[in-house]
Every structure is written in structure tokens, then in C-alpha cells.
Amino acid sequence: MANHRREHPIPNAKLIRNIGGKLEEAYNTLRAAVDDMNGKFFNLLYYLDLVRYDDTENVVKAMVEGTGGIAGYFIARTMRDVEEGKVKKEAVVKAKWIVDENTPPEEREKRIKKEQTEIRRSLALKVKRYIDDFQKDNYLGYFGVDGYYKRAILLCINTLYLAEYGVEIDTEKFIAFYKDRMAASESIIAKLHIEAADALNRFFAGAVPITQKELERYFSFDNGIAEVRQSSVNLESYCRLGNRVTKVKRDKK
């Protein structure tokens, strides 16, 4: 049976670390979601012979819905295999329900509908039996992936692929996907970036070079955000920055 544990190195993890920040945070959320999904459901997928490398999107959509989603995928995928001739109808339903060249033309349409119904019914019973057998020795989470993780997985579904050990993230595709989403807010962030630089320049007003030491004299970054360093809020520290002239409007007489 396939092993769902994270015993394999994360592909191109260095690319994520080199960028860091919010992108790395988003990647780590997706990584946790994918690993959680694999841990809960990949062994069942493997047991049902549903590791279809050419159908990753539908496999993932089934897995996030848990046991019911995987059962539904088993039925839909097997019916597709029957239609494509990859699975013989005889392996699924009794001969009396099969439409073939001996079926009278006037009965064909009605019989085809009945055949499809019987195939679906047979597959539903079969997958239930398989799942019941599987869960005798394995715990199953019936309710699928947690909602927060589910949203992360479905949002990034085109960055995922199937490996022999479970669903995996294509790191380069994830970075490209994240950059595409960032493009929509690029102009807003660029404007804020410029405004932040202008604010710093106005604060120091050319009195001293803006260095890391000067920034830490007036601001603290202990909590991951810029805050006024209270010890610098005094006349002496402001004297280093020089006098600022305040223009007072006079009433015209």
C-alpha cells in the first residue's frame, strides 16, 4: 500500500524560502492542507486503484470531499472506463442488463438507460463493500478536508499533481500562480511603497542619513510591525532632526 507520510523531500523548497514572506506563508498553508488530505484519504484512493495521474483535478476534488467524494469518483471514473472500453461491462453487471448487437432497435434507447442505471447501482454497491473492507483496518474521515484547508486546495488546484506517494505541489507553478494573483494588487502595493518612502524622507528631512541604526532609534519592530519607540519621543531626540517650520495662516482683513 502507498505510504502517505511526509517521507519525501519537498520539491524545490529552496525556491519558496528564497522569496519568503506572504508567499511562503501561503505555500505552508497549502502544504499543510495537502499533507492533511493525503494523510486522511490517499491510502483509500490507492486501495481503490484510483491514483490516476492523468486526472489530478478530479482526483483532488474527490479527496477533499472525503469518503463520499472518493466513492462518487470511483463510480464516475469506472463508468467512463466502461464507455471507453477499458473495463468490460461484463465485469460490472449481469449479462441480462447489457445492450449489444442482439438488442432489438426499438428497445435500444430504453435498454441503454436501464443498463446505465444498473451499472451505476452495481458500482455503488461494489465501492461500499470495498470501503467497508478497507475501514476494518484503517480509520476514515467521512467529512472530508476541513473547510479552511479545502478552500486553499481548491484555489490552488492547478498547481497540484499526483505522485506515487500522494498529491504534491508543483513549486514553480505555485510561485507563478501566486505572482499572477499579486499582479491585481501590484499597483496598490507600489503606491503604498512610494508613500512609505516619502513618509520616511519627510520624517528625517535630510537631517541624518536613513540607516538601520537611525530607524531603530525612532521605531521598534519587535512585533513584526513598525511602532514608535517611546524612548525617542522627547525634545532631545527630535533636536537631532532639526527644526520644522509650521506655517500659520493669517486671517485677511
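Quick notes on this one:
- For Lys191, the lysines whose Cα falls under 25 Å of its own Cα, not counting residues fewer than eight places away in the same chain, are Lys22, Lys179.
- Sequence of Asp55, Asp222 once ranked by neighbouring C-beta atoms within 10 Å, starting from the fewest: Asp222, Asp55
- Order of Met79, Met182, Met37 under a 10 Å beta carbon neighbour criterion, fewest first: Met182, Met79, Met37
- Links that overshoot a 24 Å alpha carbon limit, given the list Lys94/Lys126; Lys89/Lys110; Lys89/Lys136; Lys40/Lys89; Lys61/Lys113: Lys89/Lys136; Lys40/Lys89; Lys61/Lys113
- Coordinate range of the alpha-carbon atoms in the stretch 185-239 per principal axis, descending: 40, 27, 16 Å.
- Dimensionless Rg ratio for the stretch 31-143, taking C-alpha atoms and the 2.2 N^0.38 Å reference: 1.24
- Ordering Phe74, Phe221, Phe177 from the fewest to the most neighbouring beta carbons within 10 Å gives Phe221, Phe177, Phe74.
- The modelled label-to-label distance for the pair Ala124/Ala95, using points 7 Å beyond Cα in the direction of Cβ, is 2.7 nm.
- Candidates Gly69, Gly20, Gly224, ranked by Gaussian network fluctuation over the chain, Cα under 10 Å, top entry: Gly224
- Normalised per residue, the volume of the convex hull around the Cα set of the chain (Å³): 249
- Computed from Cα positions, the angle between helix 186-204 and the longest principal axis of the chain comes to roughly 20 degrees.
Read the figures in this text as sums done on the coordinates, not as results from a lab. Bear in mind the structure is a predicted one, so any value in this text is a computation, not a measurement. No Cβ is skipped: glycine too gets one built from the backbone with ideal geometry, and neighbour counts run over all protein chains shown.
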